[in-house]
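S.K.: Quick one: the structure is below, and I'll ask about it shortly.
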Amino acid sequence: MEPVLKVQNLGMNFGGLRALDDLDLDVDKNEIVALIGPNGAGKTTFFNCITGIYPPTDGDVLIFTHGSDRPERINGIKPNRVTEKGLARTFQNIRLFPNMTVLENVMIGRHCRMHAGVLGAILRGKSTIKEEKKAVEDSYAILEKIGLAQFVDEFAKNLPYGAQRRLEIARAMATEPFLLLLDEPAAGMNPNETQELDELIKQIRDEEGISILLIEHDMKLVMSLSDRIFVVDYGKKIAQGTPEEVRNNPVVIKAYLGEEVDA
Amino acid sequence: MDYFLELFLGGLTRGSIYALIALGYTMVYGIIGLINFAHGEIYMIGAFTALIVISVLTLMGMNTLAILVIAGVIAVIYSSAYGYTVEKIAYKPLRNAPRLSALISAIGMSLFLQNYVLLAQTSDFLPFPCLIPDFEFMEPYAHIIGSTEIVILITTAVVMVLLTIMIKFTKIGKAMRATSQDKTMAMLVGINVNRVISVTFIVGSATAAIGGVLIASHVGMINFYVGFIAGIKAFVAAVLGGIGSIPGAVLGSFILGWTESFATGYVSSDYEDVFAFLFLVLILIFRPAGILGRSEKYKI
Amino acid sequence: MIKFNEIKRAFLVSIWFMFLTFPIMVIRVNPVERIVEWRWKNMILVGIGSFLLSFVWNYLMKRKELGVKKTEAGEETGTIPLAQRILGEKRIYIPGLVAIGVFTMVFPLIFSMYQTTIMTTALIYVMLGLGLNIVVGLAGLLDLGYVAFYAVGAYAYALLNYHFGLGFWMALPIGGVLGAIFGILLGFPVLRLRGDYLAIVTLGFGEIIRIILENWNEFSFGPSGIANIPRPSLFGIDLSVHSSIIYIYYIMIALCLFTVFVVNRLQDSRIGRAWIALREDEVACEAMGIDKAKTKLTAFSLGATWASMAGVMFAAKTTFVNPASFTIWESIMILCIVVLGGMGSIIGVIAGALVLILTPEYLRAFSEYRMLAFGTMLVVMMIFRPGGFIPNVRRVYKFEGVKSADKS
Ligand SMILES: Nc1ncnc2c1ncn2[C@@H]1O[C@H](COP(=O)(O)OP(=O)(O)O)[C@@H](O)[C@H]1O
Ligand SMILES: [Mg+2]
């Protein structure tokens, strides 16, 4: 198996609170991995540490780009550098650019793969025009793939909730990631939308060859999608394995006491 | 040595005044996360109201101590009323708007109040009578510290203690702390957030008015513009101490007061205001959370 | 129908304001001559005024709430602003543009020197407004020390001319570059700060620069400033006062057109999109691969460049600079221009500058109340019309753009 992300002994303190404690996790190429755990377990914090929003207190975040087996340590680099390196994410609480159109939102994702600077913008030479045109086309193509083409000129804030979640995915895809981090992508979706999301995520993995790490509470979705599952509670990893293994793990059942774990 | 002591006490006095104003900034920021640009103007209006009351009462021939007390009380009442009204008009409608909007509105309010006083009164500096008599027992130390300064120091100390008691032990104080932690949660547990915000503005404005009257009688003159610079400096003090923290505001004020006092005493008085601003820039760059403030990491 | 409740409320409001304004509005003291003047008339005026304004306020508030509800319910408000409609209509706006163009070109020929000078001043503010619009309107950075860069340009020309005899045409680009450098130097440390701190720190920088100019006599000649700055020359020929006023007017027109051109191109570019995204959500912006610091710095220093070039123009126009021209109120006035016109909107900012600069010039009676009006305006606009009077008509990327490009 070819790893793309390897996290070792990750720890994060907020003042006295140890939100993450000695966490290990890895994602292989073309794999869909789920990170689950009760609310407040530290899942979002884990994403924030990987994507540079918080510098982790200890541990290593290693990425393997283009199949090279020499890992690159990305602890503490800025979020935009992380994205440039090929990790893109969505947010648990939707964070679109509400007063920009759907197309523009996706074009912002293209930003780090474009080059025009201030002078280029003012002079608007051939290469700038070409780049802009290509950005529009690429963005539109992504929207078609994600199934949002009908909303292309709509303001992001006017989109239905499910579509906003998908737009976040589209925007992340536009940065050309090799690993997509999805933070509760199905939250607030109805069963129909969740079903479509299930297909979409598989399609992204299969057609684009993007690995996926997702946080999700919808166990049906998690069980159907994941190749492997990591379970965290109070910032610590309490279990890992295939969906089958995790489902039958008594520790997990105990952590979720009262919550449904059946598929 | 005497010169040093003089500067030290001068800085302490300055710091006390800044503290009285800085409290309003810090409390408002703690509760609604807004820099209340108009706070300096509230302080100026307090001083102006006091001056007007003093002039009227003096003509009526009242005795100075009675005048001082009445003028102080009326100034506090009026500043509080202005603080309350400013919040209702300029900030409340913008509570859910982007931060930038509320900030611009605050600047507008500051500009409005300055020019309101300018047009209704005068642009000239007006002499402010010194109402505090020279105490006899202070005679031997008069070359180091004046009676007015002593009164300022004592008043500030009393106000701080009262404020601390209010915030620590009273019901409204607890509601204030709860609101500053989490507005939504506070609302859910039945706290009337609007009332808490109003009270915060009223209390902050009242302390500013006390500061206004004291400094005006210390310096001996006022005009419509005194609030702006003093306000900004008090804000610097609040940031220095850690905005949102009340002990921080006091500490920051003393540090700023001493810095200004020593810098103007030993270096040059031309650049008095530059020190405050340089201070501000340096703190914000190297320690944006201030001395006693907690560095906040917003949750995502 | 106005309900009884509303009348009662307006009545209470008016009582409250009469109480509130009583000492300041009614009593005027002169402690020197020990005179107290009672102006009861003012109290009545305040009472009536606040009674009436209370209705206006309530009406506007209701309308605002209605608007919010509509958008929450997902209904399109459907009312495109008038300005936008006019701009969308080619038949109206092309002749309009031609008319305005002709008018501006012949303006100095039909109007007096005095009018031309005022117009030139207004144009300088157009330029300043458009520059600040990049910083505040597009990138959402509240810069209250903008005037510092204006001062940099003005003093750059004055001093370069005084010491080295440099002419206007040399000073203009040098001023621009100096502005950019100052923008980067000042911006670098402060742009990491949160929005409201940024406002205060930039305000502080603005004041520091002014105080230095006032006190550092050897460098800047203190409060008395620098006089006898030459007006621009035409191909090396010095013009008479009369013709150079006209000449400066045309230079200003050209500079404004240049500014509009640049800002327009910038906002429809990769950089411009990043600015707007930054204004909308910083965290998401960074997570999408945008370098926050660099993007902010670009906006900040571009804004500074424009302010500085306007400063060179100012020095050339007035032939005299001193620190009194560069107070914080100047910064706030430019902010007013941007807010009134519409943050991010080029046409809005131009209209805002013309209205705010020309009105007090022609309505002398009003000029006393100018600052009061500006303060009121900032508050009222933020509450009821945060987008300004001519909201941003920025081209949004429509997909048709590509389809038509495919055909060609
Ligand atoms: N910026 C922060 N400052 C302080 N504590 C935080 C911050 N972000 C998260 N936490 C705390 O870390 C813990 C984990 O939160 P989070 O990662 O959001 O949980 P999850 O996403 O698993 O529901 C919680 O106790 C939360 O309060
Ligand atoms: Mg979470």
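The values are calculated or read from the model by the stated rules, or taken from the named source; none is laboratory data. Given the structure is predicted, the values throughout are model-derived calculations rather than measurements. Neighbour counts are summed over all protein chains in view; Cβ atoms, including those assigned to glycine, are modelled from backbone coordinates with ideal geometry. These area figures cover heavy atoms from the full protein model, side chains too; ligands, DNA and RNA do not enter into them. Shrake-Rupley method; radii C 1.70, N 1.55, O 1.52, S 1.80 Å.
S.K.: Working carefully through the options A:MET189, A:MET107, find the one that is outside any helix (DSSP H, G or I) and either open to solvent by less than 50 Å² (accessible area, probe 1.4 Å) or of a type in the set (D, E, K, R) (or both). Full working, then the answer.
M.R.: Details: A:MET107 fails: outside any helix (DSSP H, G or I).
Result of the check over A:MET189, A:MET107: A:MET189.
S.K.: Next up: Can you tell me which residue is nearest to the chain's Cα centre (by Cα) among those in segment C:343-395 that are among the hydroxyl-bearing types (Ser, Thr, Tyr), over 24 Å from C:LEU66 (Cβ atoms) and in a helix (DSSP H, G or I)?
M.R.: The residue in question is C:THR359.
S.K.: C:ILE208: at the interface with another protein chain (Cβ under 9 Å from one of its Cβ atoms) and under 27 Å from B:PRO98 (Cα atoms), yes or no? Can you show your working first?
M.R.: Values: at the interface with another protein chain (Cβ under 9 Å from one of its Cβ atoms): yes; under 27 Å from B:PRO98 (Cα atoms): no.
So C:ILE208 fails the test.
S.K.: Continuing with this model, one more query. From the list B:ASN63, B:ASN96, which residue is surrounded by fewer than 21 Cβ atoms within 10 Å (Cβ to Cβ), closer than 26 Å to C:ILE332 by Cβ, without any contact (Cβ under 8 Å) to a residue 24 or more places away in the chain and polar (S, T, N, Q)? Even if it seems obvious, please write down each step before you answer.
M.R.: On the way: B:ASN63 fails: closer than 26 Å to C:ILE332 by Cβ.
Exactly one residue qualifies, and that residue is B:ASN96.
S.K.: Go through A:SER211, A:SER226, A:SER139 for me and flag whichever is within 14 Å of chain C (Cβ to nearest Cβ) and open to solvent by less than 20 Å² (accessible area, probe 1.4 Å).
M.R.: A:SER139
This table checks each residue for (1) facing another protein chain (nearest Cβ under 8 Å); (2) within 19 Å of the chain's Cα centre (by Cα).
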position	(1), (2)
A:ASN48	yes, yes
A:ASP58	no, no
A:ASN75	no, yes
A:ASN80	yes, yes
A:LEU96	yes, yes
A:ASN99	yes, no
A:ARG110	no, yes
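S.K.: Against the condition within 16 Å of ligand 2 (Cβ to nearest atom) and within 19 Å of A:LEU5 (Cα to Cα), how does A:LEU214 come out, does it pass?
M.R.: Values: within 16 Å of ligand 2 (Cβ to nearest atom): yes; within 19 Å of A:LEU5 (Cα to Cα): yes.
Considered against the rule, which asks whether it is within 16 Å of ligand 2 (Cβ to nearest atom) and within 19 Å of A:LEU5 (Cα to Cα), A:LEU214 comes out as yes.
S.K.: Output the residues belonging to segment A:41-69 that are open to solvent by less than 20 Å² (accessible area, probe 1.4 Å), free of Cβ contacts under 8 Å to residues at least 40 places away in the same chain and either assigned to a strand (DSSP E or B) or more than 10 Å from ligand 1 (Cβ to nearest atom) (or both).
M.R.: Within segment A:41-69, A:GLY52 is the sole residue that qualifies.
S.K.: Sticking with this one: Looking at (1) modelled with pLDDT of 90 or more; (2) open to solvent by 70 Å² or more (accessible area, probe 1.4 Å); (3) of a type in the set (Lys, Arg), can you tell me which one A:LYS254 breaks?
M.R.: Exception for A:LYS254: condition (1).
S.K.: So is B:THR184 β-branched (Val, Ile, Thr), within 20 Å of C:ILE208 (Cα to Cα), open to solvent by 30 Å² or more (accessible area, probe 1.4 Å) and assigned to a helix (DSSP H, G or I) or not?
M.R.: On the way: β-branched (Val, Ile, Thr): yes; within 20 Å of C:ILE208 (Cα to Cα): no; open to solvent by 30 Å² or more (accessible area, probe 1.4 Å): yes; assigned to a helix (DSSP H, G or I): yes.
No, not satisfied.
S.K.: Ok, one more. Scan segment C:227-241 and tell me whether some residue there is open to solvent by less than 30 Å² (accessible area, probe 1.4 Å) and either modelled with pLDDT of 85 or more or more than 30 Å from C:PRO108 (Cα to Cα) (or both).
M.R.: No, segment C:227-241 contains no residue that is open to solvent by less than 30 Å² (accessible area, probe 1.4 Å) and either modelled with pLDDT of 85 or more or more than 30 Å from C:PRO108 (Cα to Cα) (or both).
S.K.: How many residues does segment A:192-228 contain that are part of a loop (DSSP other than H, G, I, E, B), out of contact with any helix residue (DSSP H, G or I) (no Cβ under 8 Å at 6 or more places or on another chain) and either within 16 Å of ligand 1 (Cβ to nearest atom) or aromatic (Phe, Trp, Tyr) (or both)? Spell out how you get there, then give the answer.
M.R.: The first filter runs over segment A:192-228 and keeps only residues part of a loop (DSSP other than H, G, I, E, B), leaving A:209-210, A:216-218, A:226-227.
Subset that is out of contact with any helix residue (DSSP H, G or I) (no Cβ under 8 Å at 6 or more places or on another chain): A:209, A:217, A:227.
Filter once more, so that each one left must be either within 16 Å of ligand 1 (Cβ to nearest atom) or aromatic (Phe, Trp, Tyr) (or both): A:217.
Qualifying residue count, segment A:192-228: 1.
S.K.: Among the residues of segment A:11-58, write down those that are more than 16 Å from ligand 2 (Cβ to nearest atom) and within 25 Å of A:THR242 (Cα to Cα).
M.R.: Let us first name the residues in segment A:11-58 that are more than 16 Å from ligand 2 (Cβ to nearest atom), namely A:11, A:13, A:15-16, A:18, A:21-22, A:24, A:26-33, A:52, A:55-58.
Result: A:GLY11, A:ASP21, A:ASP22, A:ASP24, A:ASP26, A:VAL27, A:ASP28, A:LYS29, A:ASN30, A:GLU31, A:ILE32, A:VAL33.
S.K.: Of all residues being among the aromatic types (Phe, Trp, Tyr) and within 14 Å of chain B (Cβ to nearest Cβ) in segment C:211-249, which is nearest to B:ALA289 (Cα to Cα)? Just the residue, please. It would help to see each step written out before you state the result.
M.R.: Narrowing segment C:211-249 to residues among the aromatic types (Phe, Trp, Tyr): C:216, C:219, C:221, C:235, C:247, C:249.
Next, only the ones that are within 14 Å of chain B (Cβ to nearest Cβ) stay: C:216, C:219.
Working: C:TRP216: 33, C:PHE219: 36 Å.
Here the residue is C:TRP216.
S.K.: Mind checking which residues of segment C:343-366 are over 30 Å from C:TRP275 (Cβ atoms) and either touching a residue at least 60 places away in the same chain (Cβ under 8 Å) or touching a Cys at 6+ places or on another chain (Cβ under 6 Å) (or both)? Explain how you work it out, then say what you get.
M.R.: Step one: list which residues in segment C:343-366 are over 30 Å from C:TRP275 (Cβ atoms), which gives C:359-366.
If the condition is that a residue be over 30 Å from C:TRP275 (Cβ atoms) and either touching a residue at least 60 places away in the same chain (Cβ under 8 Å) or touching a Cys at 6+ places or on another chain (Cβ under 6 Å) (or both), then C:GLU361 is the only one that fits.
S.K.: When only residues in segment A:1-35 that are surrounded by 20 or more Cβ atoms within 10 Å (Cβ to Cβ) and within 13 Å of chain B (Cβ to nearest Cβ) count, which is farthest from ligand 1 (Cβ to nearest atom)? Even if it seems obvious, please write down each step before you answer.
M.R.: Residues of segment A:1-35 surrounded by 20 or more Cβ atoms within 10 Å (Cβ to Cβ): A:4-5, A:7, A:10, A:12, A:19-20, A:23, A:25, A:27, A:31-35.
Pick out the ones that are also within 13 Å of chain B (Cβ to nearest Cβ) and you get A:12, A:19.
Values: A:MET12: 8, A:ALA19: 4 Å.
Selected residue: A:MET12.
S.K.: Would you confirm, using the coordinates I've provided, whether A:ARG124 is in contact (Cβ under 8 Å) with a residue 60 or more places away in the chain and surrounded by fewer than 23 Cβ atoms within 10 Å (Cβ to Cβ)?
M.R.: On the way: in contact (Cβ under 8 Å) with a residue 60 or more places away in the chain: no; surrounded by fewer than 23 Cβ atoms within 10 Å (Cβ to Cβ): yes.
Judged against the criteria, A:ARG124 is not a match.
S.K.: From the list C:LEU132, C:LEU178, pick out the single residue that is assigned to a helix (DSSP H, G or I) and over 23 Å from C:GLU282 (Cβ atoms).
M.R.: Values: C:LEU132 fails: over 23 Å from C:GLU282 (Cβ atoms).
Among C:LEU132, C:LEU178, only C:LEU178 is assigned to a helix (DSSP H, G or I) and over 23 Å from C:GLU282 (Cβ atoms).
S.K.: Another question, then. In segment C:160-201, how many are open to solvent by less than 20 Å² (accessible area, probe 1.4 Å) and within 12 Å of C:ILE229 (Cβ to Cβ)? Break it down stepwise before answering.
M.R.: Just the residues of segment C:160-201 that are open to solvent by less than 20 Å² (accessible area, probe 1.4 Å), to begin with: C:168, C:171-172, C:175-176, C:179, C:183, C:187, C:190-191, C:193, C:196-201.
Those still in the list that are within 12 Å of C:ILE229 (Cβ to Cβ) too: C:168, C:171.
Result for segment C:160-201: 2.
S.K.: A:LEU148 fails exactly one of the following numbered conditions: (1) within 14 Å of chain C (Cβ to nearest Cβ); (2) open to solvent by less than 10 Å² (accessible area, probe 1.4 Å); (3) within 17 Å of the chain's Cα centre (by Cα). What is the number of that condition?
M.R.: (3)
S.K.: Taking the condition crowded, with 23+ Cβ neighbours inside 10 Å, within 13 Å of ligand 1 (Cβ to nearest atom), assigned to a loop (DSSP other than H, G, I, E, B) and in the same structural domain as A:PRO243 (by TED's automatic domain parsing), does A:PRO38 pass? Step through it out loud before you land on a result.
M.R.: Numbers: crowded, with 23+ Cβ neighbours inside 10 Å: no; within 13 Å of ligand 1 (Cβ to nearest atom): yes; assigned to a loop (DSSP other than H, G, I, E, B): yes; in the same structural domain as A:PRO243 (by TED's automatic domain parsing): yes.
So A:PRO38 fails the test.
S.K.: Right, here's the next one. Residue under question is B:TYR266, and the condition is that it be of a type in the set (Ser, Thr, Tyr) and within 11 Å of chain C (Cβ to nearest Cβ); does it hold?
M.R.: Details: of a type in the set (Ser, Thr, Tyr): yes; within 11 Å of chain C (Cβ to nearest Cβ): no.
So B:TYR266 does not fit the description; no.
S.K.: Take the residues in segment B:273-288 that are surrounded by 20 or more Cβ atoms within 10 Å (Cβ to Cβ) and in contact (Cβ under 8 Å) with a residue 40 or more places away in the chain; name whichever of them is nearest to the other protein chains (Cβ to nearest Cβ).
M.R.: Here the answer is B:PHE277.
S.K.: Among the residues of segment C:38-48, are any assigned to a loop (DSSP other than H, G, I, E, B), open to solvent by less than 80 Å² (accessible area, probe 1.4 Å) and either under 22 Å from C:PHE22 (Cα atoms) or modelled with pLDDT of 90 or more (or both)? Show your work before the answer.
M.R.: Step one: of segment C:38-48, the residues assigned to a loop (DSSP other than H, G, I, E, B) are C:39.
If we keep only those that are open to solvent by less than 80 Å² (accessible area, probe 1.4 Å) as well, we get C:39.
Narrowing the set further to residues that are either under 22 Å from C:PHE22 (Cα atoms) or modelled with pLDDT of 90 or more (or both) leaves C:39.
Looking through segment C:38-48, at least one residue is assigned to a loop (DSSP other than H, G, I, E, B), open to solvent by less than 80 Å² (accessible area, probe 1.4 Å) and either under 22 Å from C:PHE22 (Cα atoms) or modelled with pLDDT of 90 or more (or both).
S.K.: OK, next. Could you tell me which numbered condition C:GLY303 fails, if it satisfies all but one of (1) modelled with pLDDT of 90 or more; (2) surrounded by fewer than 23 Cβ atoms within 10 Å (Cβ to Cβ); (3) within 26 Å of C:ALA277 (Cα to Cα)?
M.R.: (2)
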